Amino acid sequence: MHLSETRRLVTTLVALTVLAGLLTLGCWAARLPAGQWLSAALSPRMDDPQQLLFHFSALPRVIAAFLTGAALATAGLLLQQVLRNPLASPTTLGLEAGAQLAITIALLVAPALLAIREVVALAGALVALGFVLLCALRNRFSSIALILAGLVAGLFCGALTVALRLLNQELVPVLFLWGGGSLSQQDWSAPLALAPRLAILLALTAIATRPLSILSLEDDAARALGLPLIWIRGFGLLLAALLTASVTAHVGVIGFVGLAAPQIAALSGARRFGVRLIAAPMIGGLIVMAVDAAVGLLEFAGIIDLPTGAATALLGAPLLLWLLPRLRRSDPPVIRNTLPAYRQSRPVAVISILGALLISALIVALLLGRTDSGWHFTAIADFAAVEPWRLPRTLIALLAGGMLAVAGFLLQRLSGNPLAAPEVLGVGTGVAFGVVLALIAGATDATLQTLFGTGGGFFALFLVLIIGRRNGFAPDHMLLTGIALSALLDAIVVAFLALGDPRANQVLAWIAGSTYQAGWPSVMLAATVASILLPIILLLVRWLEIMPLGQSVSQAIGLPIPRVRLAMMGIAALLTATAVLATGPLTFVGLAGPHIARMLGIQRASAQVIASALIGALVMVVADALARTVIVPRQLPTGLVAALIGLPYLVWQLGRKPQ
């Protein structure tokens, strides 16, 4: 390390240590006089409740916080090193979502299992890991296949968790409190369980430092050095999974630290993997310590009771956003080297079939109904009676699905990253944040809520573009900025949901993606935006063909890279914001639509944008019809059903060997 990098890293560690220390001491002082700390720590008086709380709650909470942050930071570092992707984190593999789903099922089906909830959460995390590895097996555990399979696992588990919550709304506050990550302790069991596990796993990681460091090289170079890539990557992934599962089992979901801490370590000057292996756990532990102490102070003062996992993003996300301009720039990867190639098909035939399927789905969705006597099709002569309810929501589902899929296509094409999707811009979370602000402000009018949501979405877009401009709109910067901003805003939304506010169910249903309130004004707005932006994309399709070739090639051809990226990112953000305002943050089709188009053999950008739009619209139309009819008289969120429809197909395709 250079002297300047060493100073920057030491400064970061000292600043976090001082912050965490001061907040922790302040939290302790609020609960017990400083003169009694030592005696309470070593031998608390049994007749003094304050000393007992200090010994059995405050002290183990601090240690559990540091161990939790250190473990998640190490897991995130391993994932980022193994996958060579700064976006990798424990959440990327779906482990936390699997554990959360397992806990939710246990709570609803067999509450007695909560006595061994650690085992339940660990089982859910390991099942998610097994699913990810199985999906990636046919692709020889490539980095892209693993991350994509992890996202699919997370989406699927998350969709099922949301469904169970909506069907058992009386448990929403409890489930969100655990899902947000709670470090409240009643004894020393959690730190005593985490400490030996973390020590063993860190020792194994340290032993494998040299081969893990070689993974920074390209695969061909690593193989030339005799490194068994599959085994080393598998070993690193297993260590990361065990660390994440142990933490999730004991304290809940605290996912942002695994992404932020390794990045903060790297941006602070820790370039080599061996140095980051020391710095990242310390940074992660100190971040969680500081946040948990701040949460404890707020809780003691009676101001608000936040889950630590949600509050962690309130500190980690701004830190990451502040350090992002110092991240070393990198060219976007070449798309043909990062995305698996599928056998090319005839695009006209595929698009024609997709169009026919969409028309058929529209007809069925408009005519299909269900009553107590069963399923039925509405006669054409009687359609006018149901048209005010069915037609607007079906059209908004079609438009939103198409726009989100096209937005996902643009992001994936621009960055060469198959993980890019509308949610990475933070627009969906920004809209949700605006809606929550409207509810907190007492705005019950739909128009006011829409205005708040619009403001939140475009505020997020403004921040992403401003920060991205300072870095030349480099794709890795844009993705990291969007994720950090989403985590920050999502923390506020999760905190609102965890407070038990009766309006939380309304927000939860909207987040899951609901079209039942769709009306003609939202349809006209979405149709106007789509009719303007989609033709513009087709006119600029040549840019989309050139961009994936890499920055050097694009510049040699004469393409103005910064302006092209700004224009395309702006179009993608506008498409996302319009769709999210109408239906909620239905981002799954933004991820899956372009993938399914590629899997069907569509390669050229012009054909792929049309195919992506048709696939997104088709999935959403079918999902809306099912959401409206499956559990009459109740309804499911359209976004949830869309995930449950599209994910199995994506899973099946992930398990296939590319042609």
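The values are calculated or read from the model by the stated rules, or taken from the named source; none is laboratory data. Model, not experiment: these values are computed from the prediction. Neighbour counts run over all protein chains shown; Cβ positions are idealised from the backbone, glycine included. The protein model used for the area step is the full one, side chains on, heavy atoms only, and it has no ligands, DNA or RNA in it. Shrake-Rupley method; radii C 1.70, N 1.55, O 1.52, S 1.80 Å.
Here is a yes/no grid of residues against (1) over 25 Å from Leu25 (Cβ atoms); (2) within 23 Å of the chain's Cα centre (by Cα); (3) among the hydrophobic types (A, V, I, L, M, F, W, C):
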| residue | (1), (2), (3) |
| --- | --- |
| Trp188 | no, no, yes |
| Ile230 | yes, no, yes |
| Thr248 | yes, yes, no |
| Val253 | yes, yes, yes |
| Gly258 | yes, yes, no |
| Ala261 | no, yes, yes |
| Ala266 | yes, yes, yes |
| Met282 | no, no, yes |
| Gly285 | no, yes, no |
Segments classed as helices (runs of 4 or more DSSP H), wholly inside region 490-605, with at least 3 members that are modelled with pLDDT under 75, farther than 28 Å from Ile467 by Cα and open to solvent by 40 Å² or more (accessible area, probe 1.4 Å): 504-512
Failed item in (1) open to solvent by 40 Å² or more (accessible area, probe 1.4 Å); (2) in a helix (DSSP H, G or I), with Arg370 passing the rest: (2)
Cross-chain or 6+ apart pairs with Cβ under 7 Å, region 117-132 first and closer than 13 Å to Pro90 by Cα, then of a type outside the set (S, T, N, Q) and open to solvent by 10 Å² or more (accessible area, probe 1.4 Å): Ala128/Ala97; Ala128/Cys157
Candidate set from region 76-114 (those that are of a type in the set (Val, Ile, Thr) and open to solvent by less than 20 Å² (accessible area, probe 1.4 Å)); member that is modelled with the lowest pLDDT: Thr92
Residue count for region 616-642, restricted to those that are open to solvent by less than 10 Å² (accessible area, probe 1.4 Å), in contact with a Gly (Cβ under 6 Å, 6 or more places away or on another chain) and among the β-branched types (Val, Ile, Thr): 1
Close pairs (9 angstrom Cβ cut-off, 6 or more residues apart or separate chains): over 22 Å from Leu297 (Cβ atoms) in region 33-57, among the basic types (Lys, Arg) and outside any helix (DSSP H, G or I) anywhere: Ser39/Arg45
Matching residues, region 180-226, being of a type in the set (Gly, Ala, Ser) and in contact with a Lys or Arg (Cβ under 8 Å, 6 or more places away or on another chain): Ser184, Ser213, Ser216
